[in-house]
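Asker: Take a look at this one; I'll ask things after.
The values are calculated or read from the model by the stated rules, or taken from the named source; none is laboratory data. Computed from a predicted model, the values in this text were never measured in an experiment. Heads up, the Cβs are rebuilt from the backbone with ideal geometry, glycines too, and the neighbour counts pull from every protein chain shown. Areas reflect the complete protein model, heavy atoms only, side chains present, ligands, DNA and RNA absent. Shrake-Rupley method; radii C 1.70, N 1.55, O 1.52, S 1.80 Å.
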Amino acid sequence: MRDPRTRHDRSLVTTPPLPPQPLSPLDGRYRAAVSGLADYLSEAGLNRARVEVEVEWIILLADRGLFGATALTDAQKESLRALYRDFGQAEIDWLAEKEAVTRHDVKAVEYLVRDRLASLGLDAIAELTHFACTSEDINSASYALTVKRAVENVWLPKLRAVIAALSDLAREHRDAAMLSRTHGQPATPSTMGKELAVFAWRLGRVADQIEAGEYLAKFSGATGTWSAHVVAAPDVDWPELSRTFIEGLGIHFNVLTTQIESHDWQVELYDRARHAGGILHNLATDVWTYISMGFFAQIPVAGATGSSTMPHKINPIRFENAEANLEIAGGLFATLASTLVTSRLQRDLTDSTTQRNIGVAFGHSLLALDNLQRGLTEILLARDVLLADLDANWEVLAEAIQTVVRAEIVAGRSQITDPYALLKDLTRGRRVGGPELAEFVEGLDIGADAKARLVALTPATYTGLADRLVDEL
C-alpha cells in the first residue's frame, strides 16, 4: 500500500501569476456587448459626472454674483466645462493618485477642479469649489446623471430593440396557428404571432414606466437643512437656487432629505428593470421550449459548434445565456432595491459600495438583451410542425362544441342537458380524431347552422381573434 506521506498534494502546486486579468466576465469575455455602459456606470464615468456637477455649481454661484464673485465669461465657462467634456486618461490617473492620499473619492475630485481652476487663472473663485456641499450632494446628482444617461442611451434602446424584434415576429406569424399548452397540456389553439405579441405588449408597458421614471438628486448640505448655506448667506433662497441648479442638469430635485437623497427613485427603477427581466426570462424559456418542440428551427451559423461530441446539434445558446444573465441581473437589482431603500438615521455608508454595482446589474441585463435580440433573428418558424401538432389534437375542439351547444340550449334549439359532461365523457384523457368529432356533431340536437359551423371547424381554424389581436401592438 502506498505511503500517504508520499502522495503528491496538488494543493501545494504553485504557478506563476497571470498578467492582470478582469475578474468579471463583463469586463472580459462579454466586454464588447456591454462596453457602452462603461461610459456612464464605471468609476471613471462617475468621476466625470462628479466633475461636471462641481463645475456647473461654480458657474451658477458665480453667475449669481454670490460673495462678490464676478460672472464668468463665455470663454471661461467653456474652458471650465472642458474639464468634464474632455475628461480622459490624464484625469483618471490624476484622481487615482490623489485618492491614494485623500482616501476620499469626492475630495479628490474637488482637488482636481481646484487644480484646473488655478491653471485657468481662476484662483479668485477657487473657494466656490464644493461650496457648502456634502459629498452626497455631488454623488446624488452624479448617480442620477450617470444612471439616467446609461438607461436612456444604452439599456432602454436595447430593450426597445428586443420589443421591436418581437413585434416584427408577431406580425410575421400572426396567422400561424399553433396548439396552446396550458399546464403543459393541449389547449385551445392560438397563433405564434399572438403569443409573441403578448411578450411585446408586456415589455412595452414596463419600458414606458421606466422611460417615465424620475432621477432625483438632493443639494442641501450635511443633513438636508442648508444650515451652512444659510449661515454664509442668510438672504439667499437656497432651496430655490438648489432646485434651479439640479433641474438645470436635466434631473429632478428632492427637497426633503437627510444627508443622502433617499434613493427611492433608484428602488423604483431597479424594481422595474427586474420586472422587465422577469418577462424577458419568461420569453427566453418559452422560446427555448418552442425550439425543443420543433416549433422553431434554428438557423445554422457558419463555423459554429453546437456540441463537442454531437455534430448535429445547434444549441439554443442565445436564450440560455439570456436566461442565466437575467437571473444574475434580477438578483442584483433586488439587492440594490432592498439595500438602498434604507439608511440608518441621517446617513450610513451601505449605499456607497452598493451603488458601485449598478453597472454590474445593468451589464448582465444588457448582455441578456443582446443575446435575445440576436437569438430572435436566428430562428425560423416551422409551420408544418405547428400544423401537425394541431392535427394530432382534435379533442381541443371539445370546448368549442360544448360552448355552441350551450348557446343552442339558451336559444331554444336544443334539449341537451349538461353539454360539458357530454363532451367530457367523449374527450377527457382520450385521443379523438376529426372524423369521430364530425360524427359526434352530426348526431347532436342542435340547429343546422350551428352544426355546419362545428363540422367545418378544425384545430387550425379554431384561433378566435388571435390574428386580429396582434394589431393591438
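Asker: Could you please find all residues in region 342-364 being at pLDDT below 95 and hydrophobic (A, V, I, L, M, F, W, C)?
Answerer: Those that are at pLDDT below 95 and hydrophobic (A, V, I, L, M, F, W, C): 345, 349.
Asker: When you check residue 179 against the structure, is it over 23 Å from residue 49 (Cβ atoms) and touching an Asp or Glu at 6+ places or on another chain (Cβ under 6 Å), yes or no?
Answerer: yes
To keep it simple, each residue is scored yes or no on (1) modelled with pLDDT of 95 or more; (2) among the hydrophobic types (A, V, I, L, M, F, W, C).
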{"site": "69", "(1), (2)": "no, yes"}
{"site": "73", "(1), (2)": "yes, no"}
{"site": "97", "(1), (2)": "yes, no"}
{"site": "129", "(1), (2)": "yes, no"}
{"site": "133", "(1), (2)": "yes, yes"}
{"site": "143", "(1), (2)": "yes, no"}
{"site": "148", "(1), (2)": "yes, no"}
{"site": "159", "(1), (2)": "yes, yes"}
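Asker: Could you check region 26-77 and list, in sequence order, the residues that are surrounded by 15 or more Cβ atoms within 10 Å (Cβ to Cβ), among the polar types (S, T, N, Q) and free of Cβ contacts under 8 Å to residues at least 40 places away in the same chain?
Answerer: Of everything in region 26-77, just one residue is surrounded by 15 or more Cβ atoms within 10 Å (Cβ to Cβ), among the polar types (S, T, N, Q) and free of Cβ contacts under 8 Å to residues at least 40 places away in the same chain, namely 35.
Asker: Within region 131-141, can one find any residue that is among the polar types (S, T, N, Q), touching a strand residue (DSSP E or B) at 6+ places or on another chain (Cβ under 8 Å) and not in a loop (DSSP other than H, G, I, E, B)?
Answerer: yes
Asker: For the structure I just gave you, tell me whether residue 288 is at pLDDT 95 or above, surrounded by 15 or more Cβ atoms within 10 Å (Cβ to Cβ) and in contact with an Asp or Glu (Cβ under 6 Å, 6 or more places away or on another chain).
Answerer: no
Asker: Would region 242-257 turn up any residue that is at pLDDT 95 or above, open to solvent by 10 Å² or more (accessible area, probe 1.4 Å), closer than 26 Å to residue 148 by Cβ and in contact with a Gly (Cβ under 6 Å, 6 or more places away or on another chain)?
Answerer: yes
Asker: Do we have any residue at all in region 374-384 that's of a type in the set (A, V, I, L, M), out of contact with any helix residue (DSSP H, G or I) (no Cβ under 9 Å at 6 or more places or on another chain) and in contact (Cβ under 8 Å) with a residue 12 or more places away in the chain?
Answerer: yes
Asker: Still on this structure, I have one more. Quick one: which helices (runs of 4 or more DSSP H) sit completely within region 420-473 and have at least 1 residues that are without any contact (Cβ under 8 Å) to a residue 12 or more places away in the chain and open to solvent by less than 80 Å² (accessible area, probe 1.4 Å)?
Answerer: By residue number, 448-456.
Asker: Return yes or no: is residue 87 aromatic (Phe, Trp, Tyr), in contact with a His (Cβ under 9 Å, 6 or more places away or on another chain) and at pLDDT 95 or above?
Answerer: Against the criterion (aromatic (Phe, Trp, Tyr), in contact with a His (Cβ under 9 Å, 6 or more places away or on another chain) and at pLDDT 95 or above), residue 87 does not qualify.
Asker: Report, by residue number, each residue of region 170-184 that is assigned to a loop (DSSP other than H, G, I, E, B) and surrounded by 18 or more Cβ atoms within 10 Å (Cβ to Cβ).
Answerer: Result: 173, 174, 176.
Asker: Here is a follow-up. Which of the residues belonging to region 98-128 are surrounded by 20 or more Cβ atoms within 10 Å (Cβ to Cβ) and touching a Phe, Trp or Tyr at 6+ places or on another chain (Cβ under 8 Å)?
Answerer: Once the filter is applied, which keeps residues that are surrounded by 20 or more Cβ atoms within 10 Å (Cβ to Cβ) and touching a Phe, Trp or Tyr at 6+ places or on another chain (Cβ under 8 Å), region 98-128 yields 112, 128.
Asker: In this structure, does residue 144 turn out to be part of a helix (DSSP H, G or I), buried (at least 18 other Cβ atoms within 10 Å of the Cβ), touching a residue at least 40 places away in the same chain (Cβ under 8 Å) and over 15 Å from the mean Cα position of the chain (by Cα)?
Answerer: Judged against the criteria, residue 144 is a match.
Asker: Right, next: Residue 167: out of contact with any Asp or Glu (no Cβ under 6 Å at 6 or more places or on another chain), among the polar types (S, T, N, Q) and outside any helix (DSSP H, G or I), yes or no?
Answerer: Criteria not met by residue 167.
Asker: Now, a different point. Out of curiosity, is residue 402 modelled with pLDDT under 95 and open to solvent by less than 60 Å² (accessible area, probe 1.4 Å)?
Answerer: Yes.
Asker: Let me spell it out: the conditions are (1) under 30 Å from residue 62 (Cβ atoms); (2) open to solvent by 10 Å² or more (accessible area, probe 1.4 Å); (3) not in a helix (DSSP H, G or I), and residue 294 meets all of them except one. Which number is the exception?
Answerer: That leaves (1) as the condition not met.
Asker: Just name the residue that is most open to solvent (accessible area, probe 1.4 Å) out of those in region 373-385 that are assigned to a helix (DSSP H, G or I) and closer than 14 Å to residue 289 by Cβ.
Answerer: Filtering first and then ranking leaves 385.
Asker: Inside region 185-229, can you point out the residues that are open to solvent by 50 Å² or more (accessible area, probe 1.4 Å) and either on the phi > 0 side of the Ramachandran plot or in a helix (DSSP H, G or I) (or both)?
Answerer: Selection gives 194, 198, 201, 202, 205, 208, 209, 211, 227, 228.
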